[in-house]
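Written below as structure tokens is the structure these notes are about.
Bear in mind these aren't lab numbers, they're just calculated from the coordinates by the rules spelled out. Worth saying up front: this structure is predicted, and the values here are computed from it rather than measured. Cβ sites come from the backbone with ideal geometry, for glycine too, and all protein chains shown count toward neighbours.
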Ligand code: SF4
Ligand code: SF4
């Protein structure tokens, strides 16, 4: 890691007052629990030097601790690179809304947690969607994810996207990529912030197991036209689970790398799912699910050229400096018939309202309440945990999904959740891997 900054020996770091030390994997993770920040120390000399820096200048600490140049530089470099002196930054408003535009889909994927297929009879009209977008913007909203079903089945998709973009929202499209033409892509690209296209195999044969025959090339064509038209493109790849997935892993890696190489001059990336969403392959045993996670993490790491598994989403969230004290629980999710949910995985949560009978202002109030209630400071035992600003509190869906709207507004903090050493260890590993891959 290069840090282009000269630091005087007289410099005294203003380090956070609450520091936790976790010994894991032969290293010491030094955690600033309120700031959601950490550094990783390799030996006792580095630890002694860090402790000296809590009260002394760099020069004074060097005189009091027997520590090599490399060790002291490593500690200082990490403190600077990880902005260890900066105060925590909280995200005040709810920035993201997920809008399921239709339940209709031209595919019949076995893993689809939406059970999409047929459009709902009472799907939101164009004008209703416009009103929702406007109200969301007025309530401080920033990002709108348009999803389905397959959004390209909505004849008003272009109008909706353009409308949202024109009033200042960032419009993201989630599509299977099979119903687009070059013309429809070129027309919509100026109004989108990003498009996510799902491809679930490295070949026609493998993709067809999930997404049906003849759809692989269509999705690749959409990827191509969106990319070269200037859109920010994410290919979302969920490897198909089978007993020989381990042997097929290299084909997934090759496929993702080839795509990345082909579009290296564009805003393009492949995101490989490294675990299964609730509802996907519901019949897998815990053992199979764990095996799936291990193999897909390997695929992801090899694609990224990392020797350890690093979760890019995790890194991205922590590099931005915003502390992570929640997931997306409480972000409004609106189904195609207007039903409102508190979590994007709508098959696993209850309806809390309907947009046709409850104004979005009121819905945003409920969402804010639910989001606040599920913050780590309002969850037990997260409120006392050193990872409370780093892990985000892990998935809390099962602790809230029985709550109806009235319940949510009557629940008081702290809500109890379960956690285990395994969950913590998963995060300790991510923290160590992140520092190893990014800062070494
Ligand atoms: S989910 Fe577990 S690891 Fe995460 S903050 Fe809560 S108690 Fe800590
Ligand atoms: S509750 Fe779980 S499924 Fe829902 S947004 Fe949070 S992490 Fe995702």
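Run the simple label-point estimate for residue 294 and residue 85 please: 7 Å along Cα→C-beta, distance reported in nm.
About 4.5 nm separates the two model spin labels.
Where does the chain land at 222 nm, in deg cm²/dmol rounded to the nearest 500, when only DSSP H runs of n ≥ 4 count, each adding -39500 (n - 2.57), divided by all residues?
Values: 15 runs with 169 residues, N = 440.
Calculated from helices alone, the mean residue ellipticity at 222 nm is -11500 deg cm²/dmol.
Using only Cα atoms, locate the centre of segment 1-52 and the centre of segment 98-167, then give the distance between them in Å, rounded to an integer.
If you average the Cα positions of each part, the centres end up 46 Å apart.
How much length, in nm to one decimal, is gained on full extension between residue 55 and residue 258, taken as 0.36 nm per residue of separation minus their Cα-Cα distance?
Result for the pair: 68.0 nm of gain on full extension.
Using alpha carbons only, how many degrees (0 to 90, rounded to 10) separate the axis of helix 157-166 from the longest principal axis of the chain?
Orientation of helix 157-166: about 40 degrees from the principal axis.
Rounded to the nearest 10 degrees, what's the angle between the helix 69-81 long axis and the longest principal axis of the chain, both from Cα atoms, 0 to 90?
Computed tilt is about 40 degrees.
Sorted by average packing, counted as other Cβ atoms within 10 angstrom per residue and highest first, what order do 27-39, 377-389 take?
27-39, 377-389
If I fit a long axis through the Cα atoms of helix 245-262 and take the longest principal axis of the Cα atoms of the chain, what angle between them do I get, 0 to 90°, rounded to 10?
Around 90 degrees separate the two axes.
Stick to the Cα atoms of segment 19-88, pair each with every other, and give me the Kirkwood hydrodynamic radius in Å at one decimal.
12.2 Å
Which residues in segment 115-144 have a backbone N closer than 15 Å to a point placed 7 Å from the Cα of residue 156 along the Cα-to-Cβ line?
Flagged as within label range: 120-135.
What order do you get for 11, 263, 100 when you list them from fewest to most C-beta neighbours inside 10 Å?
11, 263, 100
Could you put 172, 247 in order, starting from the residue whose Cβ has the fewest other Cβ atoms within 10 Å?
Fewest-to-most ranking of 172, 247: 247, 172.
Can you check how the C-alpha radius of gyration of segment 222-289 compares to 2.2 N^0.38 Å, as a plain ratio?
Numbers: Rg = 14.6 Å, N = 68, 2.2 N^0.38 = 10.9 Å.
Against the compact-globule rule of thumb, the ratio is 1.33.
On average, how much area does the Cα convex hull of the chain cover when viewed from any direction, in nm²? Walk me through the numbers on the way to the answer.
Working: hull surface 88.9 nm².
Over all viewing directions, the chain projects a mean Cα-hull area of 22.2 nm².
Using a Förster distance of 22 angstrom, determine the FRET efficiency expected from the C-beta separation of residue 21 and residue 422, and round it to 0.05.
Plugging the Cβ-Cβ distance into 1/(1 + (r/R0)^6) gives 0.60.
Just rank 319, 107, 97, 364, fewest to most, by other beta-carbon atoms within 10 angstrom. Please report the intermediate quantities before stating the final value.
Values: 319 12, 107 17, 97 28, 364 20.
Lowest count first: 319, 107, 364, 97.
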